[in-house]
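Taking it in order: structure first as structure tokens, then the write-up.
The values are calculated or read from the model by the stated rules, or taken from the named source; none is laboratory data. Predicted model, so just to flag it, every value in this text is computed and none were measured. Reconstructed Cβ throughout: ideal geometry from the backbone, glycine too, with neighbour counts over all protein chains shown. Accessible surface areas use protein heavy atoms only, side chains included; no ligands, DNA or RNA. Shrake-Rupley method; radii C 1.70, N 1.55, O 1.52, S 1.80 Å.
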Amino acid sequence: MAYVVFALKWRPKGFAEIIGQDHVVTTLKNAIQKNRLAHAYLFAGPRGVGKTSTARILAKALNCKEGPTENPCGKCSSCLEIAKGQSLDVLEIDGASNRGIDEIRALRENIKFSPTQGKFKVYIIDEVHQITAEGFNALLKTLEEPPPFVKFIFATTHPHKVMPTILSRCHRLDFRRVSVIEIIVQLEKIVAAEGASVDKNVLFAIAKSSDGSLRDAESILDQLISFAKDNVSLADVTSMLGLVEQEIFFVMAEHIIKKDAAAALRLLHEIIDEGKDVGIFLTNFIEHFRNLMVAKVTQADAELIDLPAELCQRLLQQSQSLRLEEIFSAFTILVNTQEMCKRLDSTRIPLEVSLVRLANKPPPAGEISPAAEVRKELRTHNSFVPAKAPVEKQEIRPVKEAKPEEEPKQEPPRATTVVSLENIKEGWQRTISGLSETKMSVATYLNEGAAVNMQHNLLTISLPKNCSLHKEVLEKKENKMLIEKSFSQSFNAALKVYFILSEEQKQEHNSMDNPIVRSAMDMFQGRIVKENF
């Protein structure tokens, strides 16, 4: 008799044998009991968690001689044919190879024929997300109103790729990843039934590496038993899969707790020499600190950590040596290390740096680190003083008055004096002329504007719309302070200025009032021919 691999030999044959999908099983069994089965189901979830197996069991429950029943007998001709994949009433279709519109048209033509033996025709379409948009559109009408004897069961690992029009016509059931504990329990049953000798640590390593896929775990166990001749050790599974033993993470974390950076680097070197994947080690080490956090917060709740009870207790014990802030810091450093590895296209160097950071001893209390000492020296010595050179006593000289271009010092506010808009307009050119002697560029830009409002000693100055650059220059802190100082001195009041842009700006002065124009005319002995306002 041909050898049957574990993944097929231990495939569930009834609802009671489905592992880790209690919510799906309960929903389907209740629907059968109440005769409320939908005409189309979408089974979505990761690979190897029982989607196709559940679809077959549902088909058995519908077409069993005793059916529809939540407990198919598994002995009648219909159940046996479905289990072997030979039933004419249960059609399993691969969505990857039957994805075009022609295959869907053929399916539509066959749907109208009644079942040959059972009560229902069941169409199980695996990887349904690979059907083309044209194929989906051809299926829409049939899917929405199929014959009463037809049931559709779609299975997919990528439900987001299924067209929304298809999703809206199906009852969706989401399958979850199988927990590590549930996988270990199932593997223990298989090992006992097969008469193999496998240590529990090996089963734990297999369950962790399967990433929640029971089928993958069964396949790995099958391969290991063949590899090790019925006596499987932890060294066998780590050698074949390139895994890092769980004990390594406890030892590495202990080096970090004891601040032994050299020991941490040596351990990493040993892991690399053994040919282990450093990227996998980094990912699992991040998970280890996550487990330390959960253990410390929840007092080692096995359901949240998803590890055997003895490992949860070890995590709790190790977490007592760390503060939560230290765990968060280590987690952040390691996650940032992953990002740095992608940028450098290297894992070893960023990981070595991070391990040294985590395991580095802080300087003793009161001791200044060399870097801090250097910074202190730089702050205290602004210039180089030669050795043994006498330091002459410097003469203290009064500070010269700041030039007009430098930021003017703000004077204390003057006594509040009421200034009207008319007063501002009358003294506008006088103020600008005085300002031009201090900073010509500011006076030139300000001369393009006009006073439009005066309220509570806030002067609003309007500039033409095309003078946005002028407004930006005048609003600079040093220029604005200079303008406010000039107006305050000119009108003997503490004034503030505010600039706006307007669509039209009327010039209320002639060109002779402009100090620049007047200076140019005096220099070249010219006269104004025409003013364009």
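Taking every residue in region 171-184 that is farther than 11 Å from residue 156 by Cβ and pairing it with any residue that is buried (at least 18 other Cβ atoms within 10 Å of the Cβ) and basic (Lys, Arg), at least 6 positions away or on another chain, yields no pair with a Cβ-Cβ distance below 6 Å.
Of the residues making up region 330-359, those that are small (Gly, Ala, Ser) and closer than 24 Å to residue 247 by Cβ are 330, 354, 359. Taken together, the criteria exclude residue 188 from residues that are in a helix (DSSP H, G or I), more than 30 Å from residue 302 (Cβ to Cβ) and open to solvent by 60 Å² or more (accessible area, probe 1.4 Å).
For region 96-107, the condition holds for at least one residue, the condition being that it is hydrophobic (A, V, I, L, M, F, W, C), at negative phi and over 41 Å from the mean Cα position of the chain (by Cα). Inclusion of residue 16 among residues that are part of a helix (DSSP H, G or I), under 42 Å from the mean Cα position of the chain (by Cα) and either at pLDDT 90 or above or of a type in the set (Val, Ile, Thr) (or both) is warranted. Per the conditions (1) touching a Phe, Trp or Tyr at 6+ places or on another chain (Cβ under 8 Å); (2) outside any helix (DSSP H, G or I); (3) hydrophobic (A, V, I, L, M, F, W, C), the sole criterion not satisfied by residue 73 is (1). Of the candidates 235, 228, 217, the single residue that is under 20 Å from residue 3 (Cα atoms) and out of contact with any Leu (no Cβ under 7 Å at 6 or more places or on another chain) is 228. Could you say whether any residue in region 194-202 is at pLDDT below 90, open to solvent by less than 50 Å² (accessible area, probe 1.4 Å), among the polar types (S, T, N, Q) and farther than 23 Å from residue 27 by Cα? No, that holds for no residue. Residue selection: residue 346 satisfies the criterion of being closer than 26 Å to residue 209 by Cβ, part of a loop (DSSP other than H, G, I, E, B), open to solvent by less than 50 Å² (accessible area, probe 1.4 Å) and without any contact (Cβ under 8 Å) to a residue 60 or more places away in the chain.
Selection of region 443-492 for residues being assigned to a helix (DSSP H, G or I), aliphatic (A, V, I, L, M) and in contact with a Lys or Arg (Cβ under 9 Å, 6 or more places away or on another chain) yields 474, 481, 482. Taking the criterion of being more than 11 Å from residue 501 (Cα to Cα), open to solvent by 40 Å² or more (accessible area, probe 1.4 Å) and touching a residue at least 12 places away in the same chain (Cβ under 8 Å), the residues of region 453-467 that qualify are 453, 458. Selection of region 305-326 for residues being surrounded by 15 or more Cβ atoms within 10 Å (Cβ to Cβ) and under 20 Å from residue 360 (Cβ atoms) yields 318, 322, 326. The number of residues in region 33-53 that are open to solvent by less than 20 Å² (accessible area, probe 1.4 Å) and without any contact (Cβ under 8 Å) to a residue 40 or more places away in the chain comes to 0.
Residues are listed down the side, and each one gets a yes or a no for (1) modelled with pLDDT of 85 or more; (2) open to solvent by 100 Å² or more (accessible area, probe 1.4 Å); (3) out of contact with any Leu (no Cβ under 6 Å at 6 or more places or on another chain):
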{"residue": "486", "(1), (2), (3)": "yes, no, no"}
{"residue": "513", "(1), (2), (3)": "no, no, yes"}
{"residue": "518", "(1), (2), (3)": "no, no, yes"}
{"residue": "532", "(1), (2), (3)": "no, yes, yes"}
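Residue count for region 99-142 under the criterion of being outside any helix (DSSP H, G or I), open to solvent by 30 Å² or more (accessible area, probe 1.4 Å) and small (Gly, Ala, Ser): the result is 1. Can you name the number of the only condition in (1) under 26 Å from residue 205 (Cα atoms); (2) open to solvent by 40 Å² or more (accessible area, probe 1.4 Å); (3) in a helix (DSSP H, G or I) that residue 275 fails? Of everything listed in (1) under 26 Å from residue 205 (Cα atoms); (2) open to solvent by 40 Å² or more (accessible area, probe 1.4 Å); (3) in a helix (DSSP H, G or I), residue 275 misses just condition (3).
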